[in-house]
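> Below is one structure. I have some questions about it.
The values are calculated or read from the model by the stated rules, or taken from the named source; none is laboratory data. What you see is a predicted model; the values in this text were computed from it and never measured. Every residue, glycine among them, receives a Cβ derived from its backbone with ideal geometry; neighbour counts consider all protein chains shown.
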Amino acid sequence: MAGIIGKKVGMTNIFNREGHVVPVTVIEAGPCVVLGTKTNEKDGYFSVLLGFGDIKMSKVKKPQLKMFEKLNIPPKKVIKEIRTLNPSSYNIGDKVDVKIFKIGDYVDVSGVSIGKGFQGGIKRWHWRGGESGHGSMFHRAPGSIGASSFPSRVFKGHHLPGHMGNVKRTIQNLEVMAVDEEKNLLIVKGGVPGHKSGILIVRNAKKIPATATIEQKNEDKK
């Protein structure tokens with residue numbers, strides 16, 4: 001399996017083998033249930049449809065409820081597709097858990113970043129800002145954004161105040177520091193997008209670093 005659905009538990013730190021303190025993120029990875037597969041012949045690509053998290057029957061939409069009734073599987077809160085090159089090895093109802101990862105693997109973690117609302121240019125784009133003295137009349141305002149005669153317009157992509165955060169982000173090449181199979185916990189080095197209890201997609205690393213083992217590089221090709 002190329003990936004799994006998880007939930008961000010929070011951050012902490014652990015000691016590595018060299019005795020150094022390493023900041024890590026704890027992810028509740030699975031267990032997930034296989035709800036279906038897609039093939040290149042029928043759908044144009046290969047993927048596995050996974051379900052994660054329980055939900056009350058009263059909160060499930062009717063089309064999804066019919067799907068779960070046909071599959072004879074309890075409704076799931078989160079449904080995501082995971083691309084894979086070998087979906088035929090999975091059957092509907094199969095369980096996917098954190099055992100697909102091991103210590104030393106490298107993973108890519110995708111999630112939705114924390115929303116910051118409408119923010120100014122200093123926080124959003126790290127502008128320097130104006131002088132802070134009392135005589136200065138320019139502190140945190142944008143200032144000039146384009147000349148009058150030429151080009152008589154604002155260039156596309158110009159950094160300005162606006163909505164910040166609440167967008168999909170992927171952090172690549174996070175090392176797996178520990179795996180707790182009993183509690184379905186995956187501990188990765190560094191931070192991941194989103195707030196606590198946010199939904200995450202954990203996949204095998206797409207760009208395997210040079211320090212990765214040969215086994216991890218072969219696993220990424222599956």
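> Of all residues in region 15-29, count the ones that are small (Gly, Ala, Ser) and touching a Gly at 6+ places or on another chain (Cβ under 7 Å).
Going through region 15-29, the residues small (Gly, Ala, Ser) turn out to be 19, 29.
Keeping just the survivors that are touching a Gly at 6+ places or on another chain (Cβ under 7 Å) gives 29.
So the answer is 1.
> Follow-up question, since we're still on this one. For region 75-84, state whether one or more residues are in contact with a strand residue (DSSP E or B) (Cβ under 9 Å, 6 or more places away or on another chain), surrounded by 15 or more Cβ atoms within 10 Å (Cβ to Cβ) and assigned by TED's automatic domain parsing to the domain that holds His195.
Checked region 75-84: no residue is in contact with a strand residue (DSSP E or B) (Cβ under 9 Å, 6 or more places away or on another chain), surrounded by 15 or more Cβ atoms within 10 Å (Cβ to Cβ) and assigned by TED's automatic domain parsing to the domain that holds His195.
> In addition: I'd like to know if region 50-57 contains one or more residues that are within 15 Å of Gly3 (Cα to Cα) and among the β-branched types (Val, Ile, Thr).
Checked against the condition, which is being within 15 Å of Gly3 (Cα to Cα) and among the β-branched types (Val, Ile, Thr), region 50-57 yields no hits at all.
Yes/no matrix, rows are residues, columns are (1) basic (Lys, Arg); (2) touching a Lys or Arg at 6+ places or on another chain (Cβ under 7 Å); (3) under 21 Å from Ile82 (Cβ atoms):
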site: His139; (1), (2), (3): no, no, no
site: Ser152; (1), (2), (3): no, no, no
site: Gly157; (1), (2), (3): no, no, no
site: Lys168; (1), (2), (3): yes, no, yes
site: Lys183; (1), (2), (3): yes, no, no
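> Same structure again: For residues that are surrounded by 15 or more Cβ atoms within 10 Å (Cβ to Cβ) and more than 17 Å from the chain's Cα centre (by Cα), tally how many sit in region 100-109. Write out each step before concluding.
So in region 100-109, the residues surrounded by 15 or more Cβ atoms within 10 Å (Cβ to Cβ) come out as 100-101, 105-109.
Subset that is more than 17 Å from the chain's Cα centre (by Cα): 100.
The total comes to 1.
> Considering only region 74-105, state which residues are under 25 Å from Arg169 (Cβ atoms) and in contact with a Ser or Thr (Cβ under 9 Å, 6 or more places away or on another chain).
Of everything in region 74-105, those that are under 25 Å from Arg169 (Cβ atoms) and in contact with a Ser or Thr (Cβ under 9 Å, 6 or more places away or on another chain) turn out to be Glu81, Ile82, Arg83, Thr84, Gly104, Asp105.
> Next question. When region 135-190 is examined, which residues are found to be among the β-branched types (Val, Ile, Thr) and free of Cβ contacts under 8 Å to residues at least 40 places away in the same chain?
The initial filter retains those residues of region 135-190 that are among the β-branched types (Val, Ile, Thr), namely 145, 154, 167, 170-171, 176, 179, 187-188.
Ile145, Val154 - these are the residues of region 135-190 that are among the β-branched types (Val, Ile, Thr) and free of Cβ contacts under 8 Å to residues at least 40 places away in the same chain.
> Can you find even one residue in region 2-12 that is in contact with a helix residue (DSSP H, G or I) (Cβ under 7 Å, 6 or more places away or on another chain) and in the same structural domain as Val188 (by TED's automatic domain parsing)?
In the first step, residues of region 2-12 are kept if they are in contact with a helix residue (DSSP H, G or I) (Cβ under 7 Å, 6 or more places away or on another chain); the result is 4.
Still in the running and in the same structural domain as Val188 (by TED's automatic domain parsing): 4.
Checked against the condition, which is being in contact with a helix residue (DSSP H, G or I) (Cβ under 7 Å, 6 or more places away or on another chain) and in the same structural domain as Val188 (by TED's automatic domain parsing), region 2-12 yields at least one hit.
> Moving on to the next point. Report yes if Lys38 is among the basic types (Lys, Arg), at pLDDT below 85 and more than 24 Å from the chain's Cα centre (by Cα), otherwise no.
Values: among the basic types (Lys, Arg): yes; at pLDDT below 85: yes; more than 24 Å from the chain's Cα centre (by Cα): no.
Here the answer is no, as Lys38 does not meet what is asked.
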